[in-house]
Amino acid sequence: MISTRNAYGDWLAENGENKDIVVVDADLSASTKTNQFAAKYPGRFFDVGAAEQNLIAFSSGLSLGGKRVFASSFSYFETARAWDQIRNLLAHDKLNVAMISSHGGLSCASDGPSHQALEELAIMRVLPNMQVILPCDAEETKNALDAIMKGHGPFYMRLRRENEHILEKNYDFKLGKAEVMREGSDVSMVTTGAMVYFTLQAAEALASQGVDAEVISVHTIKPFDEAAIIKSAKKTGAVLTVEQHQVAGGLGGLVAETLSESYPTLMNRMGVQDSFSETARTYNELLVHHKLTSPDITAAAQTLIEKAKFAAK
């Protein structure tokens with residue numbers, strides 16, 4: 001088990017010999033794990049302090065100078081405090097800056113709602129030219145970083161603090177392509193980031209009850225793989241989305257927008273239900289509080305399947 005933030009730190013240290021790479025942090029390098037790069041390549045590491053607007057503006061200047069910039073802070077701070085600079089510099093001018101943030105979603109359990117990023121997918125995905133990534137584990141984090149180096153324009157990627165399982169995969173990472181982690185015909189469970197693991201657990205539980213659940217991992221929120229979602233919805237007739245984000249504006253909203261225009265389908269959205277989160281001792285306590293555990297997902301899928309059966313009568 002390894003955290004996605006540690007995978008990021010490892011990737012920077014492994015790829016730092018590329019002199020085009022520059023890393024900028026906002027006084028949180030021990031938490032974002034950019035300190036690994038700083039130790040090996042101090043001449044290409046800059047800490048701007050707790051000043052996220054400066055983080056983005058400074059990174060923009062480095063990008064205009066031809067550098068591949070990785071800018072890091074906590075997910076909430078980097079996006080909410082610097083949205084003006086992100087919009088008018090990075091997105092508008094299509095700059096090669098990758099915002100790689102840590103402690104996204106419910107990761108900041110003990111730090112409370114002031115630190116928990118539960119709205120940033122909504123404000124990032126509406127920006128023209130912005131590319132938004134939520135890897136499901138440490139391995140996919142490194143694959144996504146490789147893709148970022150080959151890509152162009154601004155990126156936002158949400159990482160997490162917790163150590164997590166490396167999931168079994170049968171695909172090569174490709175930006176903008178949703179991945180079917182498990183084939184199924186009774187219900188489509190569309191998920192992202194940390195919730196992929198819990199959704200796969202729920203699918204196993206459903207299988208023991210004779211329910212064939214399809215699990216789709218959406219590692220790229222933008223550009224979004226509409227075709228994969230529509231294909232699955234046509235097969236199952238019921239779609240459940242699962243995410244660590246407000247149900248408004250995140251993955252659930254994105255899937256609902258897609259299906260409402262292309263293939264109206266009975267669906268339910270699991271996430272944070274239009275509320276701020278709480279301060280908790282552990283991450284798992286918040287999953288229980290927001291009803292985002294594997295048993296919760298199992299129950300929600302069962303309810304949705306019953307609704308689909310009733311609607312079909």
* Structure fact -> Within segment 124-144, of all residues that are over 13 Å from the mean Cα position of the chain (by Cα) and not polar (S, T, N, Q), the one surrounded by the fewest Cβ atoms within 10 Å (Cβ to Cβ) is Pro128
* Would you be able to tell me the number of residues in segment 150-166 that are surrounded by fewer than 16 Cβ atoms within 10 Å (Cβ to Cβ) and touching a residue at least 60 places away in the same chain (Cβ under 8 Å)? => 3
* Considering segment 171-219 alone, what residues qualify as being under 16 Å from the mean Cα position of the chain (by Cα) and part of a loop (DSSP other than H, G, I, E, B)? -> Phe173, Lys174, Leu175, Gly176, Lys177, Ala178, Thr192, Gly193, Ala194, Val218, His219
* Asked: Among the helices (runs of 4 or more DSSP H) contained in segment 1-99, which hold 3 or more residues that are aliphatic (A, V, I, L, M) and modelled with pLDDT of 95 or more?
  -> 4-15, 52-64
* May I ask you to say which residue of Ala57, Ala50, Ala30, Ala80 is surrounded by fewer than 20 Cβ atoms within 10 Å (Cβ to Cβ), under 22 Å from the mean Cα position of the chain (by Cα), more than 17 Å from Tyr8 (Cβ to Cβ) and not hydroxyl-bearing (Ser, Thr, Tyr)? => Ala80
* To do: Name the residue, out of Ser110, Ser185, that is surrounded by fewer than 21 Cβ atoms within 10 Å (Cβ to Cβ) and modelled with pLDDT under 95.
  => Ser110
* To do: Given the conditions (1) in contact with a Leu (Cβ under 7 Å, 6 or more places away or on another chain); (2) on the phi > 0 side of the Ramachandran plot, report the number of the one that Gly210 does not fulfil.
  => (1)
* To do: Output yes when any residue across segment 198-207 is out of contact with any helix residue (DSSP H, G or I) (no Cβ under 8 Å at 6 or more places or on another chain) and of a type in the set (S, T, N, Q), and no when none is.
  => no
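The values are calculated or read from the model by the stated rules, or taken from the named source; none is laboratory data. This is a predicted model, so every value here is computed, not measured. Note that we place each Cβ from the backbone using ideal geometry, even for glycine, and neighbour counts take in every protein chain shown.
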